[in-house]
Amino acid sequence: MDLNELLEIAEKERQRAASVRIRCCTAAGCASSGAEEIKDRLEQSIKDAGLDNTVEVCSVGCMKFCGRGPLVEIDIPGVLYQQVSGDQVEAIVDALKQNKAAESGATPLDREHPFFTLQQPIVLENSGKINPERIEEYIAVGGYQNLYHVIHDMSPDEVVDEVTRSGLRGRGGGGYPTGLKWATVAKMPEGQKYVICNADEGDPGAFMDRSVLESDPHRIIEGMAIAAYAIGANHGYIYVRAEYPLAIKRLETAIKQAKRLGLMGSQIFDSPFDFKIDIRVGAGAFVCGEETALMQSIEGGRGNPRPRPPYPAQSGLWHSPTLINNVETFANIPAIVREGADWFASIGTEKSKGTKVFALTGKIRNTGLIEVPMGIALREIVEKMGGGVPRGEVKAVQTGGPSGGCIPAHLFDTPVEYDSLIQLGTMMGSGGMIVMDTETSMVDVAQFYMEFCRGESCGKCIPCRAGTVQMYQMLTKILRGEATLIDLEQLERVCGMVKATSLCGLGQTAPNPVLSTLRYFREEYLELLKDSPKAQGVASR
Ligand SMILES: Cc1cc2nc3c(=O)[nH]c(=O)nc-3n(C[C@H](O)[C@H](O)[C@H](O)COP(=O)(O)O)c2cc1C
Ligand code: SF4
Ligand code: FES
C-alpha cells in the first residue's frame, strides 16, 4: 500500500456513496432501543419504494443524543429524527420519496440546540457520520493519511515533539502529559516495546470510550500505530472489557480490514515499520483499569496492582518499556498530526488543552455524549446543553466516578479543566458526569460509591481492603440514623488513613466521594446523626 493507493480507495468510496444517505445510529445506546430493526426496515422500505439506487441506509456510530434514541438522520435535507419507531419507517420513506423528508411525522431534533452547538468534535468528529465497519469510509475522511505522513515525513522524535507541544494530557483520569510519557518510552534502549490502549472503562455512568470504539475504531488503531512508530514499538494490545461486545466486534473487524490493506503488519506503507495489534478481553474488574493490574491481566495473571516505580514506561509488559494510554488519548492523535500541535494547543485553557468527551447522565433532561472545549463552565454543560433537571433544581454534579467527587450548584461557574476540578476536591476522571437534583441524598451518593469500591477492591493491601468495608459500614450506620458525631469523626479519620496508605489509585481515591460530600453537604450528614442538635452546635462553631 502506498499513498496513491490509499487516495484511490478514498476517491472510489466518495464516488460509490449514494446521493442521499439515511444514517442509523447502531451504537450500543440506540441498539438497546431497537435501532438494528429500524435500520433493517428502512433498508427494506427503500428497496420496496425503488429508491435503492439513490438512497443508501448506513449503519453509523453514536450521534451523541443517546437519551433520545433510536436516532435516524437523513443528510438531504438535513433532518435528524429522535425516538424513531418501526411504524414510522414507511412514513419517513414516503416523505423522502416526495422530497419532503422533513414532513414525515416523525419527531425531529433541533440541530441548533446548545446540546449540539456547544460541542466541538475532535475525538468524535467521525462519530455518527461514517460506518465503523467499513475501512473505506474511514479512509474517505482522510483516515490513515496521518500514519503515512508520520512514517514518511517525520522522525520518531519529531512525532513525540509534536504531541508534547500540543499539550495533550492523558484522558484516562490522571491527566499526565502524553508527550512526556511518549518521550520516556522512546528514550528507553532499543528492543521490545509495547503500546497498550486502556479500554477498560469501569466507572459507573461512563460510556465515552465504548462509544469511540463502537463509532470510529480505525481512529484508535491509527492513533496507536502513530504512537508505536514514535516510541519504537512493534506490538500493541487493546484491553477492553467483555461487557462491550459491540466494541470488541467492531475492533476485530477493523483490525482484520487494516491487515487486509497492509495498514497493519510488516513494512507498513513500504517502510521498515512493523506493527500489529491484539485484543485482550477483560472480565470487568474495575481495578484492571489500573495500569499495572491491567498489564498483569494481559500477561495472564490475576489483575492485582503493584507498586510504582518502576513505571510501565520503564518496565511494563513482560518487563519491557510500555506505553499505556486511554482510548480518548489515542483518538486525539490523528487530529493532532493532521492539524498540528499549535492548532490543538489553541483549544482549551493554559494547562488543559483540547476538548474532553463527557457522558452526561443522571437527573438531566438531555442525556448523551458531549465533546466540549476544556475550560467551558459547568453551568453551560448542565443548564444549556443538558437542559437542567426535569423536576426541582440541580443540586450537584459528580465527576471522576468512584475516584472523584460532587460539585455543588453554587460552584457551577467553575471552568472544566484538570486543575480547577482538583481544587474543588474532585477530578476530571475519564469523563463520567452525573447530575443530581434536590431530591438526591448526598450521603446515599457517598454510600453508593463506597459500596462500589468495597466490591472492587482487589484486597491486596489492608487499608483499602478493610478500610472500604469500614467506611461503607459507617455510612450505612449514618443513613440508618444510628450514628453519632464520634462515628462521623471516625469516618473522616479512616478516609484520611485509606487515602494515605493504600497501594494503588483505587484505595487512594476511594474516600473522595465521602470527603467531597462532607465538604459541601456536611449538614446532610449532621441531620442524620442521633445526637444531631449537638452536632449542629459543633458544626456552627
Ligand atoms: C482503579 C483504577 C481504574 C482505572 N481505570 C482506567 C480505565 O478504565 N481506563 C483508563 O484509561 N485509565 C484507567 N485508569 C488509569 C490508568 O491507570 C492509566 O493511568 C491510564 O490508562 C493512562 O492513560 P492516559 O495517560 O492516556 O490517561 C485507572 C486507574 C485506577 C487507579
Ligand atoms: S488499594 Fe485496593 S485495589 Fe489497590 S492494591 Fe490495595 S487493595 Fe487492591
Ligand atoms: S448510541 Fe445512538 S446516539 Fe448515542
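The values are calculated or read from the model by the stated rules, or taken from the named source; none is laboratory data. Being a predicted model, the structure only gives us computed values, none of them experimental. Glycine gets a Cβ as well: all are built from the backbone with ideal geometry, and neighbour counts include every protein chain shown. Keep in mind that these areas ignore ligands, DNA and RNA; they rest on the heavy atoms of the full protein, side chains included. Shrake-Rupley method; radii C 1.70, N 1.55, O 1.52, S 1.80 Å.
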Exercise. Rounded to the nearest 0.05, what FRET efficiency is calculated for E252 and H410 with R0 set to 56 Å and r the Cβ-Cβ distance?
Worked result: 0.75
Exercise. Which distance in nm do the two modelled labels at D278 and I462 give, with both placed 7 Å along the Cα-to-Cβ direction?
Worked result: 3.9 nm
Seminar exercise, completed: Rounded to the nearest 5, the percent of DSSP beta bridges in the range 135-342 running antiparallel is 10 percent
Exercise. How far is it, in nm, from the label point at K187 to the one at S33 when both lie 7 Å from their Cα along the line to the Cβ?
Worked result: 5.1 nm
Exercise. If you take the beta carbon distance between D157 and R308 as r and set R0 to 25 Å, what does 1/(1 + (r/R0)^6) give as a FRET efficiency, to the nearest 0.05?
Worked result: 0.45
For this session: Out of all DSSP beta bridges with both ends in the chain, state the antiparallel percent to the nearest 5.
Result: 50 percent
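Whenever you get a sec, compute what percent of the accessible area on the range 135-342 sits on carbon and sulfur atoms (1.4 Å probe).
49 percent
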Seminar exercise, completed: Of the accessible area of the range 355-437, computed with a 1.4 Å probe and all protein chains kept, carbon and sulfur make up a percent value of 53 percent
Exercise. Which whole-number value in Å² is the accessible area per residue of the range 146-295, probe 1.4 Å?
Worked result: 34 Å²
For this session: Would you mind getting me the FRET efficiency between D2 and R365? Use the beta-carbon distance for r and R0 = 35 Å, nearest 0.05.
Result: 0.10
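With every protein chain left in place, what is the accessible area per residue of the range 443-528 in square angstrom, probe 1.4 Å?
Dividing the accessible area of the range 443-528 by its residue count gives 43 Å².
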Exercise. Mind ordering 445-456, 109-120 by average Cβ neighbours within 10 Å, highest first?
Worked result: 445-456, 109-120
Problem set entry | Residues in the range 444-472 that a label on R493 would reach, taking backbone N under 20 Å of a point 7 Å out along Cα→Cβ | 462-472
For this session: Identify the GluC sites (Glu not before Pro) of the range 355-439 meeting these criteria: DSSP loop state and at most 16 other C-beta atoms within 10 Å of the C-beta.
Result: E393, E439
For this session: Only loop residues by DSSP count here, and only those with at most 15 other Cβ atoms within 10 Å; note down the trypsin sites (Lys or Arg not before Pro) in the range 270-360 that meet that.
Result: R302, K351
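Nearest 500 deg cm²/dmol is fine: what mean residue ellipticity at 222 nm does the chain get from its DSSP H runs of n ≥ 4 alone, each adding -39,500 (n - 2.57), divided by its residue count?
Calculated mean residue ellipticity at 222 nm is -13000 deg cm²/dmol.
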Problem set entry | Cleavage-rule hits (GluC sites (Glu not before Pro)) in the range 157-190: DSSP loop, at most 16 neighbouring Cβ within 10 angstrom | E190
Exercise. Taking 0.36 nm per intervening residue step and subtracting the Cα-Cα distance, what contour gain separates T117 from D94 on full extension?
Worked result: 5.3 nm
For this session: Just the number, please: carbon plus sulfur as a percent of the accessible area of the range 443-528, 1.4 Å probe, no ligands or DNA/RNA counted.
Result: 52 percent
For this session: Please list, in chain and number order, the residues 5+ apart from L323 or on another chain whose amide H is under 5 Å from its amide H, with Hs placed from the backbone.
Result: Y194, V195, I196
Exercise. In square angstrom, rounded to the nearest 10, how much accessible surface does L180 have for a 1.4 Å probe?
Worked result: 90 Å²
Exercise. What full-extension length gain, to one decimal in nm, is calculated for E103 and T501 as 0.36 nm per residue of separation minus the Cα-Cα distance?
Worked result: 137.0 nm
